[in-house]
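Each remark here refers to the structure printed beneath this line.
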Amino acid sequence: MTRSRRFAILADRDINKETFVEPWPEAGLIVTDSPYDPPPSLRLENGQVVELDGRARADFDAIDHFIAEHGLDLAVAEEAMVTPSAQLARLLVDINVPQAEVRRLTRGCTPAKLTEIMRHLNVLEMMLGLAKMRVRRTPANQAHVTNWREHPALLAADAAEAALRGFAEVETTVRVARNAPFNALAVLVGSQAGRGGVLTQCAVEEALGLRLAMKGLTSYAETLSVYGTERAFVDGDDTPWSKAFLASAYASRGVKVRFTSGAGSEALMGHAEGCSMLYLEARCLLVTRGAGSQGVQNGSISCVALPEALPGGVRAILAENLLAAMLGLEVASGNDALASHSAIRKTAKLMLQFIPGADFIFSGYSAIPKRDNLFGGGNFDAEDFDDYNVLQRDMQVDGGVRPVGETEVVAIRGEAARAIQAVYAELGFPPITAEEVEAATLAHSSDDMPERDLIADLAAADRFLQSDDTVLTVVRALHRRGFSEVAANILEMGRQRVAGDYLQPAAIFERGFRVLSGINDANDYRGPGSGYRLEAERWQEMQQIPQAKSPREFIQANLGEPSPKLVELAPASPGSRPEVVVAVGPAFGAALNRTINGVPHEEILAAILTGIAREGLTARVVKIYHSSDCAAIGHAGAGLSGSGIAIGLQSRGTTVIQKRGLAPLNNLELFPQSPSLTLETYEAIGRNAARYAQGLPVKPVAVKVDNWARLRLIVKTALLHRRETEEIRDKPPMELLFDWEPDV
């Protein structure tokens with residue numbers, strides 16, 4: 001078969017770099033409704049669960065036991081289980097039913113019941129549910145800050161920029177495990193240089209993570225993974241009880257804790273037991289709630305490509321976010337790992353959390369370039385900041401990030417790099433040079449950084465971890481070196497850990513170390529006019545993207561002194577000999593003196609007249625005052641032309657060749673895309689007009705279509721047209737004298 005050219009082109013599209021497969025339930029490759037998913041059921045005897053989702057107590061595995069003992073609210077369980085799932089789904093999206101009532105019943109639902117509720121909801125309804133059920137009223141965002149070189153100055157600078165951009169949490173990790181203490185230290189110092197109160201973590205093995213927390217180098221943890229099958233737990237060397245114990249250990253030291261789960265992990269590990277990804281995730285979420293975790297990082301996370309390979313995968317990812325919110329868990333809703341080669345697809349996926357809002361819209365927006373992200377790329381990265389800010393502005397949605405200018409970013413990056421340099425110097429670590437500080441201040445990625453002696457850094461990191469030095473040592477070092485504000489912020493983070501207020505549900509710090517949580521900032525969405533709204537100062541801040549200019553600037557660029565070569569003579573009269581009239585708009589050469597792409601009006605007019613002269617014809621220049629419309633200008637010019645042929649020319653450059661007798665919106669040739677018109681084009685327009693006037697054969701002027709021009713320049717077009725329209729007068733067309741030298 002001869003290959004279709006269109007299908008060949010489609011085959012090269014980014015979307016076709018993905019893998020798509022048909023469901024295979026036996027292998028766990030199915031996102032919902034596996035034939036092996038159990039039906040919802042719950043039976044109690046003497047206050048004890050004796051049957052859970054079709055399984056008798058004698059057959060419970062470890063997860064069943066944990067859910068039965070700790071994951072269900074037995075006081076409401078029987079009521080919840082007899083309530084039809086479709087009715088629970090309707091309660092979820094009914095704006096007249098308060099969040100608390102939905103959550104009360106949800107906490108009595110078994111994993112299979114929770115999964116069945118989701119079956120009744122489409123994506124739009126799930127988004128409404130997420131807007132209603134998320135714990136904290138104010139959305140927030142988390143950033144990933146890592147780099148391949150694990151350079152401390154760059155880590156600090158990037159963390160400071162992330163904090164300045166509004167991220168409430170900053171997470172780092174390691175390429176070499178022994179670097180964990182220094183990476184955690186650099187991100188802590190950098191984030192507190194950017195904004196006091198940003199929570200930080202270092203994603204490493206759990207025991208090491210706890211040691212870092214006990215030194216005061218981190219303030220939250222979310223790498224406590226839970227799974228939906230017992231065998232997957234065993235392979236992870238854990239049980240639900242050990243996870244609960246570890247979460248308690250963190251919390252006892254004032255460290256905020258989220259668990260991590262997400263669709264697809266059990267299938268990836270080979271232990272899905274034929275169950276659907278969503279059902280297994282529902283089990284994870286009940287384990288998370290039963291263990292007392294503040295929240296969960298879910299939304300498939302690093303397994304995202306697995307559910308996305310299957311039908312309904314993105315819907316199931318949203319469903320797991322919603323289930324977590326229904327259970328009262330803080331939700332860091334994925335969107336972190338690379339989800340697609342296709343910009344369309346990854347943005348569409350993001351919208352499911354971006355529009356309704358989540359406690360954390362990303363469980364790690366890559367605040368560095370993808371190639372430096374040690375978490376696996378980053379679905380959106382530092383090169384997408386401007387796009388993300390514009391999305392917030394377009395939709396009046398708070399995505400947890402604020403626009404910033406280059407000057408303030410460079411300043412804060414430099415401050416952070418110098419602060420970590422001071423800590424290294426004061427504590428005797430391998431020195432950070434002035435060259436490294438300068439590079440980190442201006443760097444985009446670790447490619448821009450000098451290499452360090454990794455062996456020396458690792459040896460120093462080992463000594464630091466084994467020493468008695470804590471965050472207080474760091475505070476003293478910063479204070480002695482003159483970084484008092486950064487030192488004060490880090491010390492206050494330590495004080496907040498003692499106070500423990502940010503162990504409240506879904507807690508973050510806003511500026512000034514004020515805690516926002518599900519207690520004092522509870523989500524109160526009840527339909528239109530309620531809940532969190534991007535307004536007042538926050539909305540004003542979101543509007544101020546650096547690219548936004550005053551509309552007057554666009555007009556100003558086209559203003560200038562009236563052309564001395566264009567002199568108005570007298571009212572224009574109809575011609576009686578072969579000629580071409582060049583009719584220009586009311587602002588031409590006066591209120592405006594150049595086209596939309598900056599070409600002076602004098603040069604445009606000279607090119608047109610040259611083209612006419614080269615065909616052996618004369619021309620008159622006439623200014624039309626009664627209209628700024630290109631068609632009307634050309635129509636009026638044709639009425640004055642002795643040959644009946646005219647060129648209509650707006651001040652922004654849009655042009656038409658018109659013939660007397662044609663309707664105003666009919667014409668011989670129209671050139672609507674003025675940014676594509678060159679001086680050579682205008683000369684060709686002049687030649688064609690002269691040939692029309694002489695009745696000669698004419699080949700229309702070919703102008704390349706630029707489909708991006710309107711997108712790029714429509715605002716400027718509107719503003720320039722407005723300025724031309726301001727020059728409309730109740731005045732007849734006027735003859736113009738144009739002082740030029742023809743080049744023929």
Revision key, fill the gap. Exactly one of Leu665, Leu720 is in contact (Cβ under 8 Å) with a residue 24 or more places away in the chain and either in a helix (DSSP H, G or I) or closer than 30 Å to Glu553 by Cα (or both), and that residue is Leu720
Study note, to complete from the structure: Residue hits (region 75-113; within 20 Å of Ala244 (Cβ to Cβ) and surrounded by 22 or more Cβ atoms within 10 Å (Cβ to Cβ)) are Thr110, Pro111
Study note, to complete from the structure: In region 259-283, anything hydrophobic (A, V, I, L, M, F, W, C), under 30 Å from the mean Cα position of the chain (by Cα) and within 21 Å of Val204 (Cα to Cα) is listed as Phe259, Leu268
Review point. Applying the selection to region 420-447, what residues are within 18 Å of Arg463 (Cα to Cα), of a type in the set (Val, Ile, Thr) and assigned to a helix (DSSP H, G or I)?
Key: Ile420, Val423
Point to revise | Residue check for Ala461: at pLDDT 95 or above and in contact with a Phe, Trp or Tyr (Cβ under 8 Å, 6 or more places away or on another chain) | key: yes
Revision key, fill the gap. Counting only residues in region 556-603 that are farther than 21 Å from Glu726 by Cβ, hydrophobic (A, V, I, L, M, F, W, C) and in contact with a helix residue (DSSP H, G or I) (Cβ under 9 Å, 6 or more places away or on another chain), the one surrounded by the most Cβ atoms within 10 Å (Cβ to Cβ) is identified as Val580
Revision key, fill the gap. Contact list, first residue from region 485-509 and free of Cβ contacts under 8 Å to residues at least 60 places away in the same chain and more than 19 Å from Asn520 (Cβ to Cβ), second anywhere and buried (at least 19 other Cβ atoms within 10 Å of the Cβ) and of a type in the set (Val, Ile, Thr), beta-carbon distance below 7 Å, six or more apart or interchain, is Ala487/Val475; Leu491/Val475
Study note, to complete from the structure: Of the candidates His601, His635, the one satisfying the condition of being in contact (Cβ under 8 Å) with a residue 24 or more places away in the chain and within 16 Å of Ile728 (Cβ to Cβ) is His635
Review point. Looking at Met127, is it surrounded by fewer than 23 Cβ atoms within 10 Å (Cβ to Cβ) and either of a type in the set (Lys, Arg) or farther than 28 Å from Ala434 by Cα (or both)?
Key: yes
Review point. When both residues are 6+ apart or on different chains and their Cβ atoms are under 6 Å apart, which pairs have a first residue that lies in region 723-741 and is outside any loop (DSSP other than H, G, I, E, B), and a second that is hydrophobic (A, V, I, L, M, F, W, C) and surrounded by fewer than 15 Cβ atoms within 10 Å (Cβ to Cβ)?
Key: Glu735/Leu569; Glu735/Ala570; Leu737/Val567; Leu737/Leu569
**Study point:** Count of residues meeting criterion [of a type in the set (Ser, Thr, Tyr), out of contact with any Asp or Glu (no Cβ under 7 Å at 6 or more places or on another chain) and within 16 Å of Pro98 (Cα to Cα)] in region 504-531
**Key:** 1
Practice item. Give region 55-74 a look and list any residue that's touching a helix residue (DSSP H, G or I) at 6+ places or on another chain (Cβ under 6 Å) and crowded, with 22+ Cβ neighbours inside 10 Å, or say none. Key: Ile63, Phe66, Ile67, Gly71
Check your understanding: Is there any pair linking a residue in region 411-437 that is assigned by TED's automatic domain parsing to the domain that holds Gly190 and under 22 Å from Ala162 (Cα atoms) to one that is crowded, with 20+ Cβ neighbours inside 10 Å and acidic (Asp, Glu), with Cβ under 9 Å and at least six apart or on different chains, and which?
Key -> Ile412/Glu161; Arg413/Asp158; Arg413/Glu161; Ala416/Asp158; Ala416/Glu161; Ala417/Glu436; Gln421/Glu436
Review point. Name the residues in region 70-99 that are under 20 Å from Leu278 (Cα atoms) and in contact (Cβ under 8 Å) with a residue 60 or more places away in the chain, would you?
Key: Gly71, Leu72, Leu92
Exercise for review: Taking the residues in region 107-166 that are within 17 Å of Ala367 (Cβ to Cβ) and among the basic types (Lys, Arg) as candidates, determine which candidate is nearest to the chain's Cα centre (by Cα).
Suggested key: Arg165
Revision key, fill the gap. Considering region 3-30, residues that are β-branched (Val, Ile, Thr) and under 26 Å from the mean Cα position of the chain (by Cα), and then whichever is farthest from Tyr279 (Cα to Cα), we arrive at Ile15
Check your understanding: Considering region 214-251 alone, what residues qualify as being surrounded by 20 or more Cβ atoms within 10 Å (Cβ to Cβ) and of a type in the set (A, V, I, L, M)?
Key -> Leu217, Ala221, Leu224, Val226, Ala232, Ala244, Leu246, Ala247
**Study point:** Subset of region 268-292 [assigned to a helix (DSSP H, G or I) and either modelled with pLDDT under 95 or acidic (Asp, Glu) (or both)]
**Key:** Leu268, Met269, Glu281
Revision key, fill the gap. With the first residue restricted to region 40-69 and required to be aliphatic (A, V, I, L, M) and modelled with pLDDT of 95 or more, and the second required to be in a strand (DSSP E or B) and surrounded by 19 or more Cβ atoms within 10 Å (Cβ to Cβ), Cβ contacts under 6 Å at 6 or more apart or on different chains are Ala68/Val49; Ala68/Leu52
Exercise for review: Take Pro664 and decide whether it is of a type outside the set (Phe, Trp, Tyr) and under 42 Å from the mean Cα position of the chain (by Cα).
Suggested key: no
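The values are calculated or read from the model by the stated rules, or taken from the named source; none is laboratory data. Here the structure is a predicted model, which means the values were calculated and not measured. So basically every Cβ, Gly included, is an ideal-geometry build from the backbone, and we count neighbours across all protein chains shown.
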